[in-house]
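The values are calculated or read from the model by the stated rules, or taken from the named source; none is laboratory data. Owing to the predicted nature of the structure, the values given are computational and were not obtained by experimental measurement. Neighbour counts are summed over all protein chains in view; Cβ atoms, including those assigned to glycine, are modelled from backbone coordinates with ideal geometry.
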Protein chains: 2
Amino acid sequence: MTMTGIAVSRSILSTKHNFSLPTGLDKNGKRARILHLSICRTSPTKLPMKVSAATLGLEASKLTKSSCGAFPAIVDVDLGDRSYPIYIGSGLLDQPELLQRHIHGNRVLVVTNTTVAPLYLDKANTLMKVFDKAIESQLDRRSTFVALGGGVIGDMCGYAAASFLRGVNFIQIPTTVMAQVDSSVGGKTGINHRLGKNLIGAFYQPQCVLIDTDTLNTLPDRELASGLAEVIKYGLIRDAPFFEWQEKNMQALLSRDLNAFVYTIKRSCENKAEVVSQDEKEHGLRAIGNLGHTFGHAIETSCGYGYWLHGEAVAAGMVMAVDMSYRLGWIDESIVERVNNVLKQAKLPTRPPEMMTVDMFKSAMAVDKKIADGVLRLILLKGPLGSCVFTGDYDRKALDDTLHAFCKS
Amino acid sequence: MTMTGIAVSRSILSTKHNFSLPTGLDKNGKRARILHLSICRTSPTKLPMKVSAATLGLEASKLTKSSCGAFPAIVDVDLGDRSYPIYIGSGLLDQPELLQRHIHGNRVLVVTNTTVAPLYLDKANTLMKVFDKAIESQLDRRSTFVALGGGVIGDMCGYAAASFLRGVNFIQIPTTVMAQVDSSVGGKTGINHRLGKNLIGAFYQPQCVLIDTDTLNTLPDRELASGLAEVIKYGLIRDAPFFEWQEKNMQALLSRDLNAFVYTIKRSCENKAEVVSQDEKEHGLRAIGNLGHTFGHAIETSCGYGYWLHGEAVAAGMVMAVDMSYRLGWIDESIVERVNNVLKQAKLPTRPPEMMTVDMFKSAMAVDKKIADGVLRLILLKGPLGSCVFTGDYDRKALDDTLHAFCKS
C-alpha cells in the first residue's frame with residue numbers, strides 16, 4: 001500500500017530501502033529528513049491515510065491550512081526541565097507545525113506498526129531492529145524518534161530513544177485510547193522480558209505528546225474498551241467526580257462521541273500529569289496508577305501477552321483489587337457494585353480468564369516490580385470513592401481469599 | 001576456585017546455583033543478600049583474593065579492622081541530587097563499611113568477570129544474562145548492582161542497572177587503570193552494536209565509585225599502559241601541569257609506584273569530575289574527554305574489538321588528532337613531539353595498526369556519535385599545551401592528509 005509517494009506498509013524486512021524524503025522545516029528552519037521504520041507483521045496498515053501523510057509532513061499545503069484545524073486542548077506535564085505539553089483534539093495531525101516545533105535536528109525516525117495491534121511477541125527483537133535502522137541510517141544525537149501507534153510501539157520506541165546514543169529526542173503520537181489516556185504520558189518506557197512485563201526499560205520523557213482523536217475512528221471496539229479500563233482507574237484512585245461522570249456517559253464513549261472523548265482524554269491526562277509531576281520515578285505516589293495492574297500483569301504473563309488486551313486484564317485485576325479492599329473492610333459494598341457495573345457497561349471483563357489458577361497468580365506476582373525487600377505492595381481502595389493506598393501492610397488472608405474467590409485453586 | 005566458602009570463578013553457565021549468603025548490614029541495618037553473577041569465559045579468576053572476599057563482606061572481622069586501612073582520598077562528583085563520591089586508596093576493599101553505606105535495599109547483584117580481560121564479543125549477550133539472573137533471583141527495585149571489573153563490566157553492568165525495573169542502585173568497583181581513571185566516573189554506560197562502539201546505552205550515575213589501588217597488583221602491563229593513555233589525555237586537553245608531571249614520572253607509574261598511582265588516579269578523576277559536573281550529558285564540553293577516540297573507535301571497530309586494547313587505540317588516535325591539529329596550524333611542533341615521546345615512554349603505540357586503510361577510517365567515522373546534522377565534530381588541540389576545541393569547523397583537507405599520512409590509501 002503506497003500513499004503520497006511513500007510506502008508506509010513495507011515490512012521491517014524491507015527497511016534496507018531507505019525511506020527518506022524532504023519534509024517541513026524543523027525549529028531551526030532546516031529541512032528534516034524522515035526515515036520511516038514500519039514494523040509490521042503481515043497485514044497492511046490500518047492507520048488512517050491522513051495520519052501517515054500528515055505526520056510525515058508530505059503535503060506542503062498543510063502548512064498553510066493549519067488555521068482551519070481545531071484548536072487543541074493542552075495539558076502540561078510539569079517536570080522542571082523535562083516538562084512537556086500534551087496536545088489533544090480532532091485533526092491535530094493535519095497541523096504539522098505542532099510537531100515541527102518539537103523536532104530537533106534534521107532527521108526523524110518514525111516507528112510504527114501497520115496494524116494498531118500489539119507486537120507482544122517480538123518487542124525485544126523489534127527494539128534491535130530500530131537500533132539497526134537508526135545506525136544503518138547514520139542517525140546522530142540530534143535526531144528525533146517518533147512513536148506512531150499504540151502503547152507497545154510507544155513503550156518500545158521510547159526505550160529505543162532513551163538508549164540510542166544514550167538518548168535522543170522523542171515524540172509520542174498515540175493512536176489507541178489506552179496509549180492516549182495512559183501509556184504515552186509520564187515517560188515510562190520499556191520492553192518485556194520473557195519472565196515478566198516491562199521489566200527492562202527507562203524513565204524517559206518525550207518532547208511532546210500529540211493526541212489526534214481522529215485516530216480513534218478506525219480503532220476496533222475491543223481496543224477502545226480496553227483503554228476505558230484505565231479511564232475508570234483514574235476515577236477510582238483519585239477522581240470520584242470523574243467516575244460519576246463516566247457512570248453517566250459510558251454510552252457516549254462507546255459510541256465514540258467526540259466531545260466525550262476529548263473530555264475523557266484531557267481529564268485522564270490531567271490526572272496522570274498531576275501524579276507524575278509529584279513522583280516522576282515512582283518512588284511512591286505514582287504507583288497508584290497501577291490499580292489492578294499486579295493482578296492484571298499476572299493474567300497477561302500467565303496466559304501470554306495478547307491473549308487478553310492490557311485493559312481487559314487490568315479490568316479483571318481492578319475487580320480483584322476492589323474485592324480484596326472490601327474483604328479488608330476498607331471500602332463499602334456499594335463501591336464494589338459500582339465498579340462491577342461501570343466495567344460491564346464498558347463491556348470489560350470482571351473476572352480473570354477461566355484458565356487462571358491461584359498458583360499462576362502467585363508465581364507471576366512474585367516477580368512484580370512493586371515488591372520491596374520481599375514484600376508485595378498493592379494498590380487498594382480505602383475510604384470513600386476516589387481514595388486509595390499503596391501498601392504492603394495488609395492481611396495476607398484477604399489476598400488469598402480474593403485469589404480463591406476468583407479462580408480455581 | 002573457591003574462596004572463603006563462595007565460588008567466585010563459576011562460569012555464567014552455572015548461575016542457576018544461587019550464590020547467596022548473609023553478609024554485612026546495609027545502611028538501614030538490614031542484612032543484605034549477595035547474588036554473585038560471575039561472567040567468565042574460560043579461565044579462572046585473576047582477581048586478588050582479598051578483592052572478592054572483602055567485597056562480599058565475608059569476614060566480619062574486617063568490620064573492626066577498618067581503622068587499620070588507609071584513609072581514602074575522596075573526589076566528589078558534583079551533579080546535584082545525582083552527586084556521588086569516588087574513594088581512592090590502597091586496601092579500600094578491606095573496608096566493607098565504605099561500600100555498605102551506599103548499598104540500598106537488602107539484595108546485591110555482583111557482576112564481574114573472572115579475568116580482567118574484555119568481553120567485547122558478547123557484551124549484549126551478557127547484558128541479557130544479567131537481566132535473566134536478576135529476574136530469576138526476583139531482585140526488586142531496592143536492590144543494588146555492583147560492577148567489579150574493568151570498563152566493559154562497568155559499562156554493561158551500569159546499563160543493566162539503568163534498565164532493570166527502569167533503574168536500580170549501582171556501585172562501581174573498577175579494577176583496571178582504564179576504568180579507574182576514566183570509564184567508571186561520569187555515568188556513561190552502554191553496550192556495543194555490531195556497527196559501532198557504545199551506540200546503545202544510558203547516562204546513569206553510580207551511588208559511589210570505589211577504587212582500591214591494590215587491584216592493580218595483578219593487572220597485566222599491557223592493560224596498565226592502556227589506562228595511561230587516558231591519563232595522558234587529561235594533560236593534553238585541560239591540565240598542562242599534569243602532563244608535565246607525567247613526563248617526569250612515567251617510569252614510576254610503569255613500575256607501579258603506589259603514591260604515583262594514587263596521585264594519578266585522583267588527579268584524573270578530578271579532571272573528569274570537573275568536566276562531567278559542567279556537562280553531564282555531553283551537550284558540548286564533555287566531548288573533550290574523547291580526544292583521539294574518534295580515530296581510536298575507528299581502529300577498534302575496523303580491526304575488531306579486542307585486537308587492540310581501548311587505550312592503545314586511543315593512543316594512536318591521539319597522535320592522529322595531534323597531527324591534524326598541527327596541520328591546521330593550531331599547535332606548535334613541540335607539542336607533537338612531546339605527545340609522541342610520552343606515549344612511547346608509556347609503551348603505547350603512536351601509529352594505527354598496519355591493516356588500517358583510509359577507507360576503513362572513513363566508513364567507521366561515518367557512524368560516530370559526535371556527528372551532528374551530518375558533520376563530524378572532532379576534539380583537536382589548539383593553542384598552548386592543555387588547550388583543545390570540540391569542533392566541526394576545520395579544513396577537511398587536514399583530516400584527509402592525516403589519514404593518508406598514517407595509513408595505506
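Of the residues making up the stretch A:141-161, those that are buried (at least 24 other Cβ atoms within 10 Å of the Cβ) and over 17 Å from the mean Cα position of the chain (by Cα) number 2. Taking B:ALA287 as the residue in question, decide whether it is small (Gly, Ala, Ser), crowded, with 19+ Cβ neighbours inside 10 Å, in a helix (DSSP H, G or I) and modelled with pLDDT of 95 or more. No; evaluated as a whole, the condition is false for this residue. The set of residues in the stretch A:289-308 that are more than 15 Å from the chain's Cα centre (by Cα) and of a type in the set (S, T, N, Q) comprises A:THR294, A:THR301, A:SER302. All of A:GLU280, A:GLU312 fail the test of being out of contact with any Phe, Trp or Tyr (no Cβ under 7 Å at 6 or more places or on another chain), among the acidic types (Asp, Glu) and in contact (Cβ under 8 Å) with a residue 12 or more places away in the chain, apart from A:GLU312.
For the stretch A:339-388, a residue qualifies if it is among the β-branched types (Val, Ile, Thr) and within 14 Å of chain B (Cβ to nearest Cβ), and the qualifying residues are A:VAL367, A:ILE371, A:VAL375. Could you check, for the stretch A:213-236, whether at least one of its residues is within 14 Å of chain B (Cβ to nearest Cβ), under 24 Å from A:VAL314 (Cβ atoms), under 11 Å from the mean Cα position of the chain (by Cα) and at pLDDT 95 or above? Looking through the stretch A:213-236, none of the residues is within 14 Å of chain B (Cβ to nearest Cβ), under 24 Å from A:VAL314 (Cβ atoms), under 11 Å from the mean Cα position of the chain (by Cα) and at pLDDT 95 or above.
Of all residues in the stretch B:269-302, which are in contact with a strand residue (DSSP E or B) (Cβ under 7 Å, 6 or more places away or on another chain) and of a type in the set (Val, Ile, Thr)? Answer for the stretch B:269-302, where residues must be in contact with a strand residue (DSSP E or B) (Cβ under 7 Å, 6 or more places away or on another chain) and of a type in the set (Val, Ile, Thr): B:VAL276, B:ILE288, B:THR294, B:ILE299, B:THR301. If you go through the stretch A:285-294 and pick out every residue that is within 13 Å of chain B (Cβ to nearest Cβ) and within 19 Å of A:ARG82 (Cβ to Cβ), you end up with 1. Residues that are farther than 29 Å from A:ARG142 by Cα, crowded, with 16+ Cβ neighbours inside 10 Å and within 20 Å of the chain's Cα centre (by Cα): does the stretch B:272-281 have at least one? The answer is no; no qualifying residue exists.
Looking only at the stretch A:239-265, residues that are under 19 Å from the mean Cα position of the chain (by Cα) and surrounded by 19 or more Cβ atoms within 10 Å (Cβ to Cβ) come to 4 in all.
The criterion of at least 3 residues that are within 14 Å of another protein chain (Cβ to nearest Cβ) and modelled with pLDDT under 95 is met, among strands (runs of 3 or more DSSP E) falling completely within the stretch B:141-205, by B:188-193, B:196-203.
Among the residues of the stretch A:125-140, those identified as within 9 Å of chain B (Cβ to nearest Cβ) and not hydrophobic (A, V, I, L, M, F, W, C) are A:ASP132, A:GLU136, A:GLN138, A:ASP140. Out of everything in the stretch A:86-100 that is hydrophobic (A, V, I, L, M, F, W, C) and assigned to a helix (DSSP H, G or I), what residue ends up being surrounded by the most Cβ atoms within 10 Å (Cβ to Cβ)? Here the residue is A:LEU93. Just one of the numbered conditions (1) within 14 Å of another protein chain (Cβ to nearest Cβ); (2) without any contact (Cβ under 8 Å) to a residue 60 or more places away in the chain is not true of A:SER255: (1).
Checking each residue in the stretch B:77-96 for being of a type in the set (Ser, Thr, Tyr) and closer than 23 Å to B:LYS188 by Cα picks out B:SER83, B:TYR84, B:TYR87.
I'd like to check something: does the stretch A:123-139 contain any residue that is modelled with pLDDT under 85, in contact with a Cys (Cβ under 8 Å, 6 or more places away or on another chain) and not hydroxyl-bearing (Ser, Thr, Tyr)? So far as the stretch A:123-139 goes, no, none of its residues is modelled with pLDDT under 85, in contact with a Cys (Cβ under 8 Å, 6 or more places away or on another chain) and not hydroxyl-bearing (Ser, Thr, Tyr). Against the definition (among the β-branched types (Val, Ile, Thr) and out of contact with any strand residue (DSSP E or B) (no Cβ under 6 Å at 6 or more places or on another chain)), how does B:VAL181 come out, yes or no? Yes, satisfied.
Checking each residue in the stretch A:211-244 for being of a type outside the set (Ser, Thr, Tyr), in a helix (DSSP H, G or I) and under 13 Å from A:ILE265 (Cβ atoms) picks out A:ASP214, A:LEU216, A:LEU224, A:GLY227, A:LEU228, A:GLU230, A:VAL231, A:PHE242.
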